[in-house]
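Worksheet: the structure to be examined is printed underneath.
The values are calculated or read from the model by the stated rules, or taken from the named source; none is laboratory data. Since this is a predicted model, take the numbers as computed values, not measurements. All Cβ positions, even for glycine, are placed from backbone atoms using ideal geometry, and neighbour counts span all protein chains on display. We work out accessible area using only protein heavy atoms, side chains counted, and drop any ligands, DNA or RNA first. Shrake-Rupley method; radii C 1.70, N 1.55, O 1.52, S 1.80 Å.
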Amino acid sequence: MDQETFDSYIKAGKIASQALTYGCSLIVEGASMLEVLEKIEAKIVELGGDFAFPPQISLNDVAAHYCPPAEDKTVFKKGDVAKLDLGVHIDGYVADTARTVVIGGSEDEEKLRLLSEASKAALEAALKLAKPGTPVSELGKVIEQEIKKRGFNPVVNLSGHGLARFVIHDSPSIPNFEAATNAILHKDQVIAIEPFASTGAGQIYESGNPTIHALSGAKPMRSQMTREVLKTIQTYKGLPFTTRWLVKKHGAGKTAFALKELRNARVLHDYPPLPDKAHGLVSQHEHTVIVREKPVVTTLSEEIA
Ligand code: CO
């Protein structure tokens, strides 16, 4: 990895880390989810980052991929288990990071904190193994152990992932359980590790209307309306975006029409919300790390032992 690439990863990581800490501080009882996300977006822009994907907050049994539509009225309440997940890129070099915020004051607060602690401990244990030569299965093994010993289930059909320039989900896949994989980490690989802990099934499914999408191909579009919206979508360079961004610029009707056309033309990939199958509560923690003898956790902006 050349110095310029390394520096871009570090810069993206620093911005993502600052935006995450800032965003988590805003997740309190009574705050509007939509307003919190808009503040986070503004912060990322202010810090000089580009979005690798739209910042998102998934609550309780929803593990990931909830991004509120423009008319969303969600307000945080006592006992919410909120996962803030955001991605920043600098020149295509991505930092992907997430943290769980438990809103206190509920009867089961202690259990919720332990649930959050489970994915955090799992992440920390796995990060220490992000060294050249480590079998990827070892990461899955420690993640599973840390979560299970606290009495929860790892979410087995969500995984960490490699990162590449303008690519947010590359190989290798980093399992959240002891999976049979022969992959081995090598020096300067950039990976996002993201354990999810669940009080429920430990398996998610796709449910509800997707508000996160990415362009997955190119086809000439006949409709003028679709072409105009597509022009905006192309500025995201193949990275995921949220419906709300398009609605702001093009209005709800035109956006819905264009997305439908693009979906019909099979050039749109949707990311629907991902709830736990048994509707258990889910926590998540995530960092991006450059695989080295001393792993460089970009979203902590420091090395770990
Ligand atoms: Co990720």
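Brief remarks follow.
- Some residue of region 183-203 being modelled with pLDDT under 95, out of contact with any strand residue (DSSP E or B) (no Cβ under 7 Å at 6 or more places or on another chain), away from the ligand (no atom under 15 Å from the Cβ) and within 28 Å of residue 289 (Cα to Cα): no
- Residues that are in contact with a Ser or Thr (Cβ under 7 Å, 6 or more places away or on another chain), over 15 Å from residue 284 (Cβ atoms) and either open to solvent by 10 Å² or more (accessible area, probe 1.4 Å) or of a type in the set (Lys, Arg) (or both) within region 121-174 comprise 137, 163, 173, listed in sequence order.
- In this structure, residue 66 does not satisfy being within 27 Å of residue 124 (Cα to Cα), over 14 Å from the mean Cα position of the chain (by Cα), open to solvent by 20 Å² or more (accessible area, probe 1.4 Å) and within 16 Å of the ligand (Cβ to nearest atom).
- Residue count, region 45-97 (criterion: among the hydrophobic types (A, V, I, L, M, F, W, C), assigned to a strand (DSSP E or B) and more than 16 Å from residue 31 (Cβ to Cβ)): 11
- Residue under evaluation residue 60, criteria (1) within 14 Å of the ligand (Cβ to nearest atom); (2) in contact (Cβ under 8 Å) with a residue 40 or more places away in the chain; (3) touching a Leu at 6+ places or on another chain (Cβ under 8 Å), criterion not met: (1)
- Filter result for residue 219 (over 22 Å from residue 51 (Cβ atoms), in contact with an Asp or Glu (Cβ under 6 Å, 6 or more places away or on another chain) and open to solvent by 30 Å² or more (accessible area, probe 1.4 Å)): no
- Residues of region 262-303 satisfying the condition of being open to solvent by 60 Å² or more (accessible area, probe 1.4 Å) and not in a strand (DSSP E or B): 263, 264, 266, 277, 278, 279, 293, 294, 300
- Contact annotation: residue pairs with Cβ atoms under 9 Å, 6 or more positions apart or on different chains, pairing a residue in region 229-251 that is within 14 Å of residue 210 (Cβ to Cβ) and without any contact (Cβ under 8 Å) to a residue 24 or more places away in the chain with a partner that is among the β-branched types (Val, Ile, Thr) and open to solvent by less than 50 Å² (accessible area, probe 1.4 Å), are 246/229; 246/232; 246/233; 246/255.
Listed here are the residues, each with its yes/no results for (1) among the hydroxyl-bearing types (Ser, Thr, Tyr); (2) under 23 Å from residue 9 (Cβ atoms).
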position: 150; (1), (2): no, no
position: 168; (1), (2): no, yes
position: 187; (1), (2): no, yes
position: 192; (1), (2): no, yes
position: 215; (1), (2): no, no
position: 226; (1), (2): yes, no
position: 236; (1), (2): yes, yes
position: 249; (1), (2): no, no
position: 252; (1), (2): no, no
